[in-house]
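Take a look at the structure below.
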Amino acid sequence: MKIQMNFDIKKIILHILDRNLTIPILSDKEHLLNEDIIDFIEKHIIKILNDSRLRSARFVDDENDVKKLCQSIYDDNENFKRNSSQIATILFDIMIKYESIPAADLIFCLFDLDNILYLSILKFNYRSSYIHHVQIDGNINVNSIIKQKTTLPSVNQKIEECAIINLNNMDIKLLEKKYELNGESVYYFSNLFLKCTSQISSNEKIKLFTKANREFNNKYFKEDYLKYGEVNKAVADSIEKTESIDIERIANNAFKQNSELKEEYIKQIGDIGIKEKTIPVSEKVAKKKFIKQKIKTNTGIEIDLPAQYYGDNSKIEFINNTDGTISILIKNITELSNV
């Protein structure tokens, strides 16, 4: 379910963090709040807050420099320009130590949402793109294509690194990716820059659940394709009814007659680090990961079967033949089409 929001953007400023320079190019003025820039920033923030990769985080301690600068902005909004420059400088000093961290424009946005003041730190990593270039050579025009190395992500592209900070309580919503620093894969944005600890995202929880669910099925039902499918049907049913992976609901539906398997299933999901009883699942993720079950035969035939069809003999029937082979009978088809 997507989050709907009404914004009141108060301030925007942009600082340039180009590793080809020895110092950051810090803006001496806030950005003009015109319709185009407001629309651009709002769309990116909405996309971020609806992103299943988003993680909740908290600053490590009260002596955290970035936290102090954020608190100062909350205490007096007039500190926005000065403090954003200091935060940008902290990040730039980290960037010049590690060549793998990409250059970027750093956009700070102070905005109000539901009477709560937020500070977003959006790192727009540079992307390469191609643009046309017109050169006048004497009396003739020479049109060419040139590579632009400092293009920003469009509104349709995702920002890979950012933080949205609730200035009322200093809670952080975080997007980041790992980079190789001194031969080690590191989340530098949280560990070195913000100095915060974060929880796993909904997207990461879904990946962990999918892995644990598959391992459980392979352990107990690898040769029992019907029971394997019933467990996945219980997952699909939970998502359809609750828009979430409700672990106890899934266990209850999948193992009604077997309390031991039910307890083992719940334990195995908990053992991989998922402590919540429910995991929200977007419609897009549900369609991609859980709505269909792929069956592949040893003869090379693949069937994408809606998980809800398991156990419904009016749709599909698995027939165990006397010679040990299996037949799959697909029923009540009114139309076929090539895909």
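The values are calculated or read from the model by the stated rules, or taken from the named source; none is laboratory data. From a predicted model like this one, the values you see are computed outputs, not experimental measurements. Reconstructed Cβ throughout: ideal geometry from the backbone, glycine too, with neighbour counts over all protein chains shown. These area figures cover heavy atoms from the full protein model, side chains too; ligands, DNA and RNA do not enter into them. Shrake-Rupley method; radii C 1.70, N 1.55, O 1.52, S 1.80 Å.
Can you name the residue in the range 131-144 that is at pLDDT 70 or above and assigned to a strand (DSSP E or B) and, of all such residues, is nearest to ASN168 (Cα to Cα)?
It comes out as GLN135.
Would you tally the residues in the range 259-276 being open to solvent by less than 60 Å² (accessible area, probe 1.4 Å) and within 19 Å of ASP224 (Cβ to Cβ)?
Count: 4.
Quick check on this structure: which one of ASN217, ASN232, ASN203, ASN252 is polar (S, T, N, Q) and within 30 Å of GLU176 (Cβ to Cβ)?
Just one listed residue meets the conditions, ASN203.
Give me a count of the residues in the range 282-292 that are open to solvent by 100 Å² or more (accessible area, probe 1.4 Å) and under 17 Å from LYS233 (Cα atoms).
4
Scan the range 225-243 for residues that are open to solvent by 20 Å² or more (accessible area, probe 1.4 Å) and β-branched (Val, Ile, Thr) and jot them down.
Within the range 225-243, just THR242 meets the criteria.
Could you list all residues from the range 96-118 that are surrounded by 22 or more Cβ atoms within 10 Å (Cβ to Cβ) and touching a Leu at 6+ places or on another chain (Cβ under 6 Å)?
Scanning the range 96-118 gives ALA104, LEU106, ILE107.
Which of the residues belonging to the range 214-223 are open to solvent by 70 Å² or more (accessible area, probe 1.4 Å) and closer than 15 Å to ASN258 by Cβ?
Once the filter is applied, which keeps residues that are open to solvent by 70 Å² or more (accessible area, probe 1.4 Å) and closer than 15 Å to ASN258 by Cβ, the range 214-223 yields LYS219, TYR220.
Do we find that GLN308 is within 30 Å of LEU54 (Cβ to Cβ), outside any loop (DSSP other than H, G, I, E, B) and modelled with pLDDT of 75 or more in this structure?
yes
Whether any residue in the range 238-245 is part of a strand (DSSP E or B) and modelled with pLDDT of 85 or more is what I want to check.
yes
Taking the criterion of being touching a Pro at 6+ places or on another chain (Cβ under 9 Å), open to solvent by 20 Å² or more (accessible area, probe 1.4 Å) and modelled with pLDDT under 80, would at least one residue in the range 119-130 satisfy it?
Within the range 119-130, one or more residues are touching a Pro at 6+ places or on another chain (Cβ under 9 Å), open to solvent by 20 Å² or more (accessible area, probe 1.4 Å) and modelled with pLDDT under 80.
What tally of residues in the range 170-201 results from selecting those that are of a type in the set (D, E, K, R), over 17 Å from the mean Cα position of the chain (by Cα) and either under 23 Å from ASP62 (Cβ atoms) or not in a strand (DSSP E or B) (or both)?
Qualifying residue count for the region: 2.
Within the set of pairs 6 or more residues apart or between chains, which connect a residue that is closer than 15 Å to LYS10 by Cβ and without any contact (Cβ under 8 Å) to a residue 60 or more places away in the chain inside the range 69-80 to a residue that is outside any helix (DSSP H, G or I) and open to solvent by less than 70 Å² (accessible area, probe 1.4 Å) with Cβ atoms less than 9 Å apart?
none
Is there a residue in the range 77-92 that is open to solvent by less than 70 Å² (accessible area, probe 1.4 Å) and part of a loop (DSSP other than H, G, I, E, B)?
Looking through the range 77-92, none of the residues is open to solvent by less than 70 Å² (accessible area, probe 1.4 Å) and part of a loop (DSSP other than H, G, I, E, B).
Only one of ILE279, ILE319, ILE295, ILE303 is surrounded by fewer than 10 Cβ atoms within 10 Å (Cβ to Cβ) and either part of a strand (DSSP E or B) or among the small types (Gly, Ala, Ser) (or both). Can you tell me which?
It is ILE319.
Would it be correct to say that ASP304 is closer than 30 Å to ILE206 by Cα and without any contact (Cβ under 8 Å) to a residue 40 or more places away in the chain?
Considered against the rule, which asks whether it is closer than 30 Å to ILE206 by Cα and without any contact (Cβ under 8 Å) to a residue 40 or more places away in the chain, ASP304 comes out as yes.
Just checking, how many residues over the range 160-178 are closer than 21 Å to ASN125 by Cβ and either among the aliphatic types (A, V, I, L, M) or surrounded by 15 or more Cβ atoms within 10 Å (Cβ to Cβ) (or both)?
So the count comes out to 11.
Each row is one residue, and each column tells you yes or no for (1) open to solvent by 30 Å² or more (accessible area, probe 1.4 Å); (2) more than 18 Å from HIS15 (Cβ to Cβ); (3) assigned to a helix (DSSP H, G or I).
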site	(1), (2), (3)
SER27	yes, no, no
LEU33	yes, no, no
ASP36	yes, yes, yes
PHE40	yes, no, yes
HIS44	no, no, yes
ILE48	no, yes, yes
SER52	yes, yes, no
SER56	yes, yes, no
ASP62	yes, yes, no
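Give the residue that is farthest from the chain's Cα centre (by Cα), with candidates limited to residues of the range 154-169 that are hydrophobic (A, V, I, L, M, F, W, C) and at pLDDT 95 or above.
LEU167
Looking at the range 179-187, can you tell me whether even one residue there is in contact with a Lys or Arg (Cβ under 9 Å, 6 or more places away or on another chain), surrounded by 13 or more Cβ atoms within 10 Å (Cβ to Cβ) and farther than 29 Å from GLU283 by Cα?
Yes, that holds for at least one residue.
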